[in-house]
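For reference, the structure discussed in these notes is given below.
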Amino acid sequence: MDDPAFGFAAGGTEKIGTTDAQIVDISGPGTTTRWDVDPGTGRVLRESYLTMGPSGPVKAETDLDDWTMTDGLTLPYLRKNRQDGKDSSTTQFNTIQINPKVSSKLFD
């Protein structure tokens, strides 16, 4: 957040399931992303972004769910992806293991 190359703008809401999520638009060098954030938990419920598909750029969305505590972090164990409004993939994690050698360097 301290990098001046990135900008964050909050504004508006969007219904994600039963939640009135707060919209946060993020821009940086060569990229823009929208997060729909649950104001009660701070969790990102959906990310929207442009990505490259087989035929060129497509609008993509990833819904994040099944939030589970792992090694002191609450992480989304379910990711549902769409490209141009069509389901493209689903990833369900059974376990996530945090590498203590890497995480200790990140949070020191």
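The values are calculated or read from the model by the stated rules, or taken from the named source; none is laboratory data. Worth saying up front: this structure is predicted, and the values here are computed from it rather than measured. Here Cβ is always computed from backbone atoms with ideal geometry, including for glycine, and neighbour counts include all displayed protein chains. For accessibility, only protein heavy atoms count, side chains too; no ligands or nucleic acids. Shrake-Rupley method; radii C 1.70, N 1.55, O 1.52, S 1.80 Å.
Counting only residues that are more than 16 Å from GLY42 (Cα to Cα), under 15 Å from the mean Cα position of the chain (by Cα) and at pLDDT below 95, how many does the stretch 62-82 have?
0
Has the stretch 94-108 got at least one residue that is in contact with a strand residue (DSSP E or B) (Cβ under 7 Å, 6 or more places away or on another chain), on the phi < 0 side of the Ramachandran plot and open to solvent by 60 Å² or more (accessible area, probe 1.4 Å)?
No: zero hits.
Failed condition for THR41, given (1) of a type in the set (Ser, Thr, Tyr); (2) under 26 Å from PHE8 (Cβ atoms); (3) in a strand (DSSP E or B), with all others met?
(3)
Out of THR32, THR74, report the one residue that is touching a residue at least 24 places away in the same chain (Cβ under 8 Å) and either part of a loop (DSSP other than H, G, I, E, B) or touching a strand residue (DSSP E or B) at 6+ places or on another chain (Cβ under 8 Å) (or both).
Among THR32, THR74, only THR74 is touching a residue at least 24 places away in the same chain (Cβ under 8 Å) and either part of a loop (DSSP other than H, G, I, E, B) or touching a strand residue (DSSP E or B) at 6+ places or on another chain (Cβ under 8 Å) (or both).
Tell me whether the stretch 39-61 contains one or more residues that are among the basic types (Lys, Arg) and open to solvent by less than 70 Å² (accessible area, probe 1.4 Å).
Yes; the residues of the stretch 39-61 include at least one that is among the basic types (Lys, Arg) and open to solvent by less than 70 Å² (accessible area, probe 1.4 Å).
Would you mind finding the one in ASP66, ASP36, ASP71 that is closer than 11 Å to ALA21 by Cβ, charged (D, E, K, R) and surrounded by 11 or more Cβ atoms within 10 Å (Cβ to Cβ)?
ASP36
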